[in-house]
Structure formats: structure tokens, C-alpha cells
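Everything below concerns the one structure shown next.
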Amino acid sequence: MIAPPYLRMLTDEEVRRVYQASLQILAQTGMTVEHERARLMLEAAGAQVDHDAQMVRFPPELVEEKLKLVPRVTPYHGRTPDFDFALTLDGDIYGRVAGGATGYIDLHTGKHRRARLADWREFATLVDALPNVNVVATLHCGDVSLKTADIHSLHVLLTSQRKNIVHNAFSAQNLRIMFDMLATVFGSREAVAERPQMHVMLSPISPLYLNADDTEQLLMACEFGLPTDIPIMPTAGTTGPITLAGTLALANAEFLGTMTLAQTARPGHIMPFFVDPVVADMKTGNPLFAAPEIGILVAAISQLGREVYAMPPEGIGLDSDGFTVEQAVFQKCQNTVFQALAGGKLIIGAGLVEASMALDPVQLVIDDEILSIARRWTRGMRVDDETLAVDVIHRVGPRGHFLMEEHTLKLVRSGELIDTKIFDRDRRDVWEMKGSKSPAQKAREKAIGILEKHQVPPLPDAVLRELDRIVRAADAQHD
């Protein structure tokens, strides 16, 4: 794949100044790191540590030394190799469900409710079937113990779909149980590390704070060889400066500080460039995932990843605020345009609505089509003898047509023009004859059809029994 020219939001000088500001923040202000062993590791590596204040300051040369160790290709593995892919700087783009939602939009009624395990199985089955959604995260369901909802969520994902999982644990104790679940599925911890179906998701608390449990989870992920996807999410105006440039510099500093710890613990540890700031509604303080400024941030983040780190960026693209399909589709397309054209490689938020608080199976199907369109954008326009078609134009001549040309058939089959199934392309009379269906109606029908027919190959019975036993034991620990 040859990458088209990318959208650039910042000048070369502005990119340099953002990066230098991040280094200055880490060297001058530093980060609070609650975890004593992590502080000792960073101190031994050359960081300046005040153990009483739990403060770590990072010399620029230490940060840049560790940055060189980060792999520039990020692999994502499924249950089986046919679901594997890798993020590369100039490769294809992929889609991901975001994590952390607690609500669910009922497929049949369109009503919001507290998410349940049955909803999560439904949603995961749809993810398994949709071709442009490649990674799934987590839904926190309300019909199980709040202390083990993360474990139940992973149980559903391991048994109801086959794609890569980016999952966050409520605690280091629960993460260790998740390691046991993965080892049960793949046979051993060594096999899990060789082809990890799960990436561990955790995050610093903005501004500049790594708590003890999240840090322990990061060190555990490094120990067991599980990649970490670390969303850096300051909110401009509340947990970040009101300015976009200041929030970007802060988010980038938090990425660099967390990266330095990870590469100190495990040189070469896999962790993508995942900087994901949002902005605040300054009237209420609510975080906004699809404000007009998000596209600017997304493009600048993608540029920073490409031009400074040579790492394939990932982040917000399919997130939305509000409660209507119309607003969601506009906001998702708005952010996806910036993400895709600026060089982002993993577009996050498929199926997500209501400011990251709910998942919607109808929206998931719509987002799958948005992702297919974004993939076409990033292929750009191939210019060579075949596509310029001078000989074909000469053969057809004035007032001819190209419908019967072999050239037309060949290029249609190769995907020069893509089709859309959810977004309508018919004339009004044909659309009315077919029932005047909206994109949401079509997506709902498609989702129901998938769930009626799609079968996910089950895990072996012995594996299913052991997973059930692990989950029951985890629940019993918290009773």
C-alpha cells in the first residue's frame, strides 16, 4: 500500500515546539508515581526521584533513549491467525470498539438501559461478524458483581468472538485472574505471550499521575509479555490546559513518561502511540468526545506520531456525544475524516454513543460502513498508465461510454469504487418502493440478520468449563 499525502495540522516548527514542551514538562514538573518499585527502577535508569513526594523527573536524554526501544509496528492477534493484523506507519487503517461503557441501547426498541451480560454477548457476536471492526474493548455489565464485572466481560469476549481484545482490569488482582483465563484458552502463559489475544488497557490520571494499582498492572503486563494500549486522556479546560496546544503537550508528556517506565521494565515492550485527549464543556465540566476541536487534536496527534516517533497513531475517531443517530453519524464522520486523512491507523469508538457511556449495536453496524469508507479515503488515487486510461479513452472516443469496457469491469472488481449498503444510493422512487428505510432501520435489520445466522466457533468444552470455574472463583473471593 502506498500512503497518500497526509493532512498536516502543524508546521515543522510547531511539531518541534510541542515535543520540546513535553520534554520540559517531564524534566521540570515530572510525574507522581505512587508505586515504590517503579520509582526505584526509574531512579536506577537515571531519573531524578523524590521518594517522599513520590515525584519522578525525567531527563530528556533518558526519555529519548527509551523511546528508541519502542517497536514501530504494533501487532494485534486474534484467537486464530486469520484475525491478526499489524499497525504500520503507512499500512491500512483498522477499527476498534472503545472500552468503559456501562449502558446499552436495546437492538429492538432503541431504548437505553444498564448493560447486561446478554447484551455484551450480542454485541461481541456482531463484532465477530463485521469486517471493518477489528478490535473490541470492554463493557461493564450491571447484572454481575461490580468487583468482578471486568472478569465477566473478558469471559464473554473470549467465548463469543475471535478478534483482538483491549481490556482494562479493575485491579492488579483481577488482571492476574485474566492472565489465568488467557492461559486456559491458549494452553500456557508462554503461548499467550507469543500471540497475545489481549492487550492490557490502563491509563495515567491527568495531569501527570500514575497511581499504584495501574502501575502494578503495567509492570505485570511487561512481565507477562502482554502489550499495553494506554489511552492518555486529559480534558482541555479541566484536567488539561484550556488550550489545544497545552493539552497536546501535556498528553504527549504523559505518554512519554509512561513509555519510559514500560521500556525500563521491559525493553522493546509493545505499546502503540495512543494519545486521546478530549475537551470540556466549560458550562458543565462534562467531557466532550466529538466537539469541533477534537478533529484538530486528532490530526495533530497523528502528525506527531508519524513525524516525531515514526509510530502508527491510534485514537478517537468514532466517538460521539448526544443521543440521536443523526448527531452521532455527523460527529463520527467529522472525527474519522481527520483521523484517517492525518494518518491515524486504529480508529476507536465503533458502536460507542452518548459520550462513551453506552454501546449501540445499530450504531456498530453503521460505524462498520463508515470504516469501510475511511479505508477507501486512505487508499487515495493511484496514478499510473492503467488508471489514467488514455488508451481506453481513445478507444471509446467522443460520445461513447465505458460500461462495456473490460477496463471498467476489472477496476470495479478491484475496488476502485466501493459500494455502500447502509447509506442509501437509490433514486427517491426506488427508495420509497423499498420501504423508505433510514440508515438506522437498515442497520438494525442487518444486525438482527447477523445474529440469526452468525455462529462463532466455540472453544473446547474443557476450556469452557475451566473458564467458568475461574470466574466463579473470582466471584467467591469478593463475596
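The values are calculated or read from the model by the stated rules, or taken from the named source; none is laboratory data. From a predicted model like this one, the values you see are computed outputs, not experimental measurements. Note that each Cβ is placed from the backbone with ideal geometry, even for glycine, and that neighbours are counted across all protein chains shown. Surface accessibility is based on the protein's heavy atoms, side chains included, excluding ligands, DNA and RNA. Shrake-Rupley method; radii C 1.70, N 1.55, O 1.52, S 1.80 Å.
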So A355, is it in contact with a Pro (Cβ under 7 Å, 6 or more places away or on another chain) and either open to solvent by 10 Å² or more (accessible area, probe 1.4 Å) or part of a helix (DSSP H, G or I) (or both): yes
Residue check for E445: part of a helix (DSSP H, G or I), in contact with a Lys or Arg (Cβ under 9 Å, 6 or more places away or on another chain) and over 19 Å from E326 (Cα atoms): no
Single residue of I366, I347 found to be touching a Gly at 6+ places or on another chain (Cβ under 6 Å) and buried (at least 24 other Cβ atoms within 10 Å of the Cβ): I347
Enumerated strands (runs of 3 or more DSSP E) restricted to segment 1-103, each holding at least 2 residues that are within 19 Å of I232 (Cβ to Cβ) and modelled with pLDDT under 95: none
Pick from segment 156-178, criterion aliphatic (A, V, I, L, M) and in a strand (DSSP E or B), ranking: surrounded by the fewest Cβ atoms within 10 Å (Cβ to Cβ): V166
Failed condition for L318, given (1) surrounded by fewer than 24 Cβ atoms within 10 Å (Cβ to Cβ); (2) touching a Leu at 6+ places or on another chain (Cβ under 7 Å); (3) under 27 Å from G95 (Cβ atoms): (1)
Check on A236, small (G, A, S), touching a strand residue (DSSP E or B) at 6+ places or on another chain (Cβ under 9 Å) and buried (at least 24 other Cβ atoms within 10 Å of the Cβ): yes
So R96, is it surrounded by 24 or more Cβ atoms within 10 Å (Cβ to Cβ), over 13 Å from A447 (Cα atoms), touching an Asp or Glu at 6+ places or on another chain (Cβ under 9 Å) and among the basic types (K, R): yes
Residue identified as in a helix (DSSP H, G or I), of a type in the set (D, E), in contact (Cβ under 8 Å) with a residue 12 or more places away in the chain and in contact with a helix residue (DSSP H, G or I) (Cβ under 8 Å, 6 or more places away or on another chain) among D150, D143: D150
